[in-house]
C-alpha cells in the first residue's frame, strides 16, 4: 500500500495570521519533509476560493519537484470538466520532466462548483463536459498527433501536443465520490480509481468498488490493472488522545462552516467519536491505531493500493502537520508494511 498526503493548500488565515506567501512556503516545506520521511505520494487539490491557494496545482507541484527526489506528485483532483485537456496534459507533462518521471494526475468533475461559472461552463453539462474532456485527455496521453472533435472544444486535426511526458504513459487516476456511474466509467476505461470518502463508514463504498472491478473485468482488464486508492480525512499524533485533542476543534469548525454552505447539520462530538471509531472514516490517532485502521479500511474495500490523508483543513498548525507527516513516514508506513508482508 502506498501512503501519502493530499493538501488543498489551505491559506491558513485566522488565528494563525499567516500571509499567503508564508502559507505557501510552509506547504512546500511539508512536501519536502514528506519526501525525506519516506511518504510515497503528495497531492494538491484544485479550488478557486479565498481560503485555498491551490487554483494552479501544477505550479505548486513543479515548485515541490525542485525540492524533492523520490516522492510522486499528483493533482488531487484536477477539475477536468472546466479545463482544456491540452493544457492539462502539457502542464503535467512539464511537471513530469521537471520531476524526472514522478508526475501523476487524479482528475474529476469537482465536488465544489465554483470553477464552472468562473470559466464560463454550464452546470447542466456537468457530466457531459467531464466525459468528453476525459476522452480527449487520454487520447493526448496515448498519442502524439491528435485528430478529434467534440461539443465543448474546437476540433483538432492531426495536431501534435508537446512536450511529451517522460513516463511513456502518464498515470491518470479517476477521482470519484459516490456516483455508481463514475465507478463503472473508471473500470470500463481501466483507469486506477481514487475514492474520496469524507463521511460515514468506509465499508459502505464496497459495493461501488465492486462495480468498478466488475466493469474492468468485463472490459478485459486484469485485476492488477484495476488499482483502488482511498482519500480520507486523517491526522497522526504521538498518541490517540493527543490526536483527538488536536484535531477535533478544527474539524468541528470546518463542518459547521460547510453545513451552513451546503445545508448539512453541524457535527457533534458523538458523531465525531463514531467517525474515529473502528468503522468510521476518520483516520485519527497514534501511529498504531492509524496503521490498524488503514489495514481495516483496505480489507473493507477488498484491497487498497494507495491511501492519502487529507489533514490541512482541520485548523492544525504547520508544526502539527509537520509532526504528523514525520510520524506517517517513520511509524505508520513501517507498521503497515510489516503487517502486509507475505
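Derivation of every value follows stated rules applied to the coordinates shown; laboratory data play no part. Keep in mind it's a predicted model, so treat the numbers as computed, not measured. Positions of Cβ are backbone-derived with ideal geometry, glycine not excepted, and every protein chain shown enters the neighbour counts.
Mind sorting 92, 52, 205 by how few other Cβ atoms lie within 10 Å of their own Cβ, fewest first?
If I rank by nearby Cβ atoms, fewest first, I get 52, 205, 92.
Pull out a ≥ b ≥ c, the square roots of the eigenvalues of the alpha-carbon gyration tensor of the range 210-280, then state rounded if a/c is under 1.5, prolate if not and a/b is larger than b/c, and oblate in the remaining case. Display every interim value, and only then the final one.
On the way: a/c = 3.37, a/b = 1.91, b/c = 1.77.
Prolate.
Can you tell me the 0 to 90 degree angle between the C-alpha axis of helix 20-37 and the longest principal axis of the chain, rounded to 10?
80 degrees
Starting from 0.36 nm per residue, how many nanometres of slack lie between residue 49 and residue 36 once their C-alpha separation is accounted for?
1.6 nm
For a footprinting-style exposure proxy, rank 248, 89 by other Cβ within 10 Å, fewest first.
Values: 248 20, 89 25.
Going from least to most buried by this count: 248, 89.
Give me the distance in nm between label points sitting 7 Å out from Cα along the Cα-to-Cβ direction at residue 204 and residue 188, one decimal.
Taking the two extended label points, one gets 2.6 nm.
Which order results if 42, 130, 152, 221 are arranged by neighbouring Cβ count within 10 Å, fewest first?
In increasing order of surrounding Cβ atoms, one gets 152, 221, 130, 42.
Extending each Cα 7 Å along its Cβ direction at residue 256 and residue 241, get the distance between those two points in nm, one decimal.
2.6 nm
With everything on Cα atoms, drop me the angle between helix 126-142 and the longest principal axis of the chain, reported from 0 to 90° to the nearest 10.
70 degrees
When only Cα pairs under 8 Å and 6 or more residues apart are kept, what is the percent relative contact order across the chain? Walk me through the intermediate numbers first.
On the way: 641 pairs, mean separation 63.2, N = 342.
Reported as a whole number, the value is 18 percent.
Please state the shape class of the range 75-116: rounded when a/c is under 1.5, otherwise prolate if a/b exceeds b/c and oblate if not, all from the C-alpha gyration tensor.
prolate
For residue 319 and residue 166 in the same chain, what is the full-extension length gain: residue separation times 0.36 nm, less their Cα-Cα distance, in nm?
Using 0.36 nm per residue and subtracting the Cα-Cα distance, I get 51.6 nm.
Going by Cα centres, the range 258-278 and the range 1-68 are how many Å apart?
25 Å
Grab the DSSP H runs of the chain that are 4 residues or longer, score each as -39,500 (n - 2.57), total them, divide by all residues and round the 222 nm result to the nearest 500 deg cm²/dmol. Before the final figure, lay out the partial values.
Numbers: 12 runs with 146 residues, N = 342.
The per-residue figure over the chain is -13500 deg cm²/dmol.
Quote to one decimal, in nm, the extra length available between residue 214 and residue 19 on full extension: 0.36 nm per residue of separation minus the C-alpha distance between them.
Contour length minus the Cα-Cα distance gives 65.4 nm.
Give the peptides 311-318, 184-191, 297-304 in descending order of average Cβ contacts within 10 Å, highest first. Walk me through the numbers before you get to the answer.
On the way: 311-318: 21.5, 184-191: 19.8, 297-304: 17.1.
Output ranking for 311-318, 184-191, 297-304: 311-318, 184-191, 297-304.
Set the Förster radius R0 to 25 Å, insert the Cβ-Cβ distance between residue 340 and residue 70 as r into 1/(1 + (r/R0)^6), and round the FRET efficiency to 0.05. Before the final figure, lay out the partial values.
Numbers: r = 20 Å, r/R0 = 0.80.
About 0.80, to the nearest 0.05.
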